[in-house]
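The values are calculated or read from the model by the stated rules, or taken from the named source; none is laboratory data. Because the structure is predicted, anything quoted here is derived from the model rather than measured. Here the Cβ positions follow ideal geometry from the backbone for every residue, glycine too, while neighbour counts run over all protein chains shown. Please note that ligands, DNA and RNA were not included when accessible areas were found on the heavy atoms of the full protein model with its side chains. Shrake-Rupley method; radii C 1.70, N 1.55, O 1.52, S 1.80 Å.
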Amino acid sequence: KAGVTQTPRYLIKTRGQQVTLSCSPISGHRSVSWYQQTPGQGLQFLFEYFSETQRNKGNFPGRFSGRQFSNSRSEMNVSTLELGDSALYLCASNPGQGVVEQYFGPGTRLTVT
Amino acid sequence: AQSVTQLGSHVSVSEGALVLLRCNYSSSVPPYLFWYVQYPNQGLQLLLKYTTGATLVKGINGFEAEFKKSETSFHLTKPSAHMSDAAEYFCAVSASNTGGFKTIFGAGTRLFVKA
């Protein structure tokens, strides 16, 4: 079974721009979560989607948004990028049926200049 | 609410020595506990998990962890370190929330293995 895939792997954007990151979960997994990882703040939970509905949300500003499609693929969008948004963005999937562990993708490294 | 504290941002051991990475958690409900490992430029890989039942949990690559409710701890151990164990390790706690699970990660402990 293929693992979680994230595209693109690396991205460079300018302040004020917006960006969309994509995540394809493991086949059959219905839950997708997003995390931001930075050296200073560590791993912080952004949001979780299950069956196209946002089920949990972390403490991030409204510039961070996401969605999930009927095939469970998910995208997250960051608008009006700030320098502090530079981070590794990790996506994790979970079957969503009583299984509690998550399976992570390799991440998208976003650099904002 | 849940929280996780990993004691020691860096741990250095010699090859063949015992590895001990410490994790304490806080949870208002019975927690699910995890250890993940992250190698450079990669995502996180699950090492082991505790849900219910046996408090000593065995994982991959010879790692194990013991859930101690009275101490609110979930320390990770490996009897003999290998060079390939050098990586960053994250302890995490999860609890059911509005039908799903919200996972909180510790700050991570970077393990160095000396030859």
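Computed on protein heavy atoms with a 1.4 Å probe, what is the summed buried accessible area for the chain pair A and B, in Å² to the nearest 100? Numbers along the way, then the final one.
Working: alone 5960 and 6240 Å², together 10530 Å².
For chain A against chain B, roughly 1700 Å² becomes buried.
Based on every Cα atom in the stretch B:1-75, Rg and the maximum pairwise Cα distance Dmax equal 13.0, 38 Å. Backbone N atoms of the stretch A:39-66 closer than 20 Å to the 7 Å Cα→Cβ label point of A:Arg73 belong to residues A:48-54, A:65-66. Shielding value for B:26-34 is 1, the average number of Cβ atoms from other chains within 10 Å of each residue's Cβ.
Residues of the stretch A:26-71 whose accessible area, computed with a 1.4 Å probe over protein heavy atoms, drops by at least 50 Å² once all protein chains are present relative to their chain alone are A:Leu43, A:Arg55, A:Asn56. Of B:Leu33, B:Leu21, B:Leu46, the residue with the greatest mean-square motion in the GNM of chain B, using alpha carbon springs below 10 Å, is B:Leu46.
Compactness check for the protein assembly as shown: Cα Rg over 2.2 N^0.38 Å is 1.01.
Mean per-residue shielding of peptide B:87-95 is 1, counting Cβ atoms of other chains within 10 Å of each Cβ. Rounded, prolate or oblate: pick one for chain A, where a ≥ b ≥ c are the square roots of the eigenvalues of its C-alpha gyration tensor, a/c under 1.5 means rounded, and failing that, prolate if a/b is larger than b/c, else oblate. It comes out prolate by the Cα gyration axes. Solvent-accessible surface of the protein assembly as shown, averaged per residue with a 1.4 angstrom probe and all protein chains in place: 46 square angstrom.
Site pair A:Ser51 and B:Ser70 shows an inter-label distance of 4.3 nm when each label is modelled 7 Å from Cα along Cα→Cβ.
Calculate what fraction, in whole %, of the accessible area of chain B sits on carbon and sulfur atoms when a 1.4 Å probe is rolled over the protein chains.
On the way: 2890 of 5420 Å².
Carbon and sulfur atoms account for 53 percent of the accessible area of chain B.
Here the average projected area of the convex hull drawn through the C-alpha atoms of the stretch A:52-113 stands at 5.0 nm².
Over chain A, calculate the relative contact order: mean separation of alpha carbon pairs under 8 Å at least 6 apart, over the residue count, as a percent. Each step should come with its number before you reach the end.
Working: 289 pairs, mean separation 40.9, N = 113.
Relative contact order of chain A: 36 percent.
Residue farthest toward the positive end of the dipole of the protein assembly as shown, with Cβ of Lys/Arg at +1 and Asp/Glu at -1: which of B:Met83, A:Ser65, A:Ser93? So the residue we want is A:Ser65.
Of B:Thr55, A:Thr53, B:Thr109, which has the most accessible area and how do the rest follow, probe 1.4 Å?
On the way: B:Thr55 60, A:Thr53 80, B:Thr109 0 Å².
Putting B:Thr55, A:Thr53, B:Thr109 in descending order of accessible area: A:Thr53, B:Thr55, B:Thr109.
Mean per-residue shielding of peptide B:46-53 is 2, counting Cβ atoms of other chains within 10 Å of each Cβ.
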